[in-house]
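Report on the following structure.
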Amino acid sequence: MTVTDTTRDTGADTGSDTGRGTVPGAATRALLAQNDAHVAHNYHPLDVVIAHAEGAVVTDLDGREHLDFLAGYSATNFGHHHPVLVEAARAQLDRVTLTSRAFHHDQLAPFAAGLAALVGKQTVLPMNTGAEAVESGIKVARKWGYEVKGVPDGQAEIVVMAGNFHGRTTTVVGFSDDPDARDGFGPFAPGFRTVPYGDLEALAAAITPRTVAVLLEPIQGEAGVLIPPAGWLPGVRALCTAHDVLLIADEIQSGLGRTGRTLACEHEGVVADLYLLGKALGGGIVPVSAVVGDADVLGVLRPGTHGSTFGGNALASAVGRAVVGLLATGDYQRRAAELGARMRARLDALLGEGLVGVRSRGLWAGIDIDPALGTGREVCHRLADYGVLAKDTHGSTLRFAPPIVITESQLDHGLDQLERVLADLRR
């Protein structure tokens, strides 16, 4: 089986050449005004209103086409409106969507079995959002620490990384060092110790007999696609094994094909005790997340200890099964690796030409713009005017993560626009 190409190869014609300062049409302006009046202002999106999407191309309300270079923070790894995933959802909509977990349905068991096999584990705890998967992983680790490791009740500690992003629940932001996420939302839950990302000595010093887990992102996405030093992840695995501590890998953004492997941990041959998955697991259609591990860890959960009305619902399970089927071929992982190498070569050529740093793995890159040229937000506005949608983070850093189904010519065209914007800024 080969990757289904759901993207029209519009090449250099994608994104009309209107120059900077494109004026939104009347319908777009009306919707933006309605958004400002009635939607909580917890996001600051670009002034683009998307009305249709196919593959790597999104079309706004004014009829302008744009290349999607964010892919919903990896939620649409397989592109928008992927025919296999859409058909799985449509077929299930005609059958049953929700039973609650009070009853069985015929989609959950095969979904769980397939997902467990895909990542080399035994057991799946289905949830809905990535933040729920993280919260569930924390609960499982604490329960395991008390019942299996023998940590005194109420004293479990989890070591986390500086610069982390694991969601926005009150528990999670309590161990975030991002003031926008944290400030004004306390008091926070105790039981977390923070160490510098990539510092093995600091991690070793932080582990105590009360430590039940180390929670980390194999690649820190929100921080700017930060990749730890080679050997750090295997070192973390060794420390966890030596101290009887669970290694929890948050692969919500990095997993499911984005980095050229099914899981980012695979790049260094590391096997975590628990994987946290989400985003791409729902194919961009429904929210689906999961904690995946072996039975001796997830087995600490018993009826009544954890649950979710919608977690593992029939519609989500059907879409999740289709996602697992796509990844089981290995074609998407190989495509992400090949296109990622092409993207990296193009980005490296721009170092010194407006870029001061590039980090990438697979089809995922953190790109540091020379601060003298402008902020990441300003660059995103200019890219949008040239028909490319991307997202900034931490001042002058951009994240590029186009859908894996993007064509070579579309990828090249999007990178051409980055080169064009940088040239504009250097003038």
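It is to be established whether one or more residues within the stretch 309-321 are over 28 Å from Leu415 (Cα atoms) and without any contact (Cβ under 8 Å) to a residue 40 or more places away in the chain. Looking for residues that are over 28 Å from Leu415 (Cα atoms) and without any contact (Cβ under 8 Å) to a residue 40 or more places away in the chain, one finds none in the stretch 309-321, hence no. Determine, yes or no, whether Arg95 is of a type in the set (Lys, Arg), in contact (Cβ under 8 Å) with a residue 60 or more places away in the chain and outside the structural domain of Met127 (by TED's automatic domain parsing). It is false that Arg95 is of a type in the set (Lys, Arg), in contact (Cβ under 8 Å) with a residue 60 or more places away in the chain and outside the structural domain of Met127 (by TED's automatic domain parsing).
Restricting attention to the stretch 389-427 and to residues that are basic (Lys, Arg) and out of contact with any strand residue (DSSP E or B) (no Cβ under 6 Å at 6 or more places or on another chain), the residue that is nearest to Ile369 (Cα to Cα) turns out to be Arg426.
For the stretch 381-416, filtered to residues that are touching a Phe, Trp or Tyr at 6+ places or on another chain (Cβ under 7 Å) and under 17 Å from Val358 (Cα atoms), the residue that is surrounded by the fewest Cβ atoms within 10 Å (Cβ to Cβ) is Ala390. If only residues of the stretch 199-221 that are crowded, with 20+ Cβ neighbours inside 10 Å and of a type outside the set (A, V, I, L, M, F, W, C) are counted, the one that is nearest to Gly376 (Cα to Cα) is Gly221.
May I ask you to list the residues in the stretch 354-396 that are touching a helix residue (DSSP H, G or I) at 6+ places or on another chain (Cβ under 8 Å) and assigned to a strand (DSSP E or B)? Residues satisfying the conditions are Leu355, Val358, Ser360, Ala365, Ile367, Ile369, Val388, Leu389, Lys391, Asp392, Thr393. Checking each residue in the stretch 24-53 for being more than 20 Å from the chain's Cα centre (by Cα) and part of a strand (DSSP E or B) picks out Ile50, Ala51, His52.
Hey, could you check the stretch 394-414 for residues that are more than 13 Å from Val57 (Cα to Cα) and in contact (Cβ under 8 Å) with a residue 60 or more places away in the chain and say which is nearest to the chain's Cα centre (by Cα)? This residue is Ala401. So is Ala322 in a helix (DSSP H, G or I), of a type outside the set (Val, Ile, Thr) and either surrounded by 24 or more Cβ atoms within 10 Å (Cβ to Cβ) or in the same structural domain as Ile219 (by TED's automatic domain parsing) (or both) or not? Yes.
Does Gly221 satisfy the criteria of being within 29 Å of Lys391 (Cα to Cα) and assigned by TED's automatic domain parsing to the domain that holds Ser136? Answer is yes for this residue. Looking only at residues of the stretch 79-123 that are part of a loop (DSSP other than H, G, I, E, B) and within 22 Å of the chain's Cα centre (by Cα), we find that the one that is surrounded by the fewest Cβ atoms within 10 Å (Cβ to Cβ) is Gly120. The residues listed here are Thr2, Thr10, Thr76, Thr18; of these, the one that is surrounded by 16 or more Cβ atoms within 10 Å (Cβ to Cβ) and modelled with pLDDT under 95 is Thr10. Under the condition of being under 19 Å from Leu425 (Cβ atoms) and of a type outside the set (A, V, I, L, M), the residues counted in the stretch 349-373 number 8. For the stretch 260-279, filtered to residues that are under 11 Å from the mean Cα position of the chain (by Cα) and outside any helix (DSSP H, G or I), the residue that is surrounded by the fewest Cβ atoms within 10 Å (Cβ to Cβ) is Leu277.
To keep it simple, each residue is scored yes or no on (1) among the hydroxyl-bearing types (Ser, Thr, Tyr); (2) in contact with a Pro (Cβ under 8 Å, 6 or more places away or on another chain); (3) at pLDDT below 95; (4) crowded, with 22+ Cβ neighbours inside 10 Å.
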| residue | (1), (2), (3), (4) |
| --- | --- |
| Gly311 | no, yes, no, yes |
| Ala314 | no, no, no, no |
| Tyr332 | yes, no, no, yes |
| Arg335 | no, no, no, no |
| Ala341 | no, no, no, no |
| Leu355 | no, no, no, no |
| Asp370 | no, no, no, no |
| Thr375 | yes, no, no, no |
| Val379 | no, no, no, yes |
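Taken over the stretch 51-86, the criterion of being at negative phi and without any contact (Cβ under 8 Å) to a residue 12 or more places away in the chain is satisfied by Ala51, His52, Thr59.
The values are calculated or read from the model by the stated rules, or taken from the named source; none is laboratory data. Remember, it's a predicted structure, so these values are computed and weren't measured experimentally. Quick reminder, even Gly has a Cβ in these numbers, built from the backbone with ideal geometry, and neighbours come from all protein chains shown.
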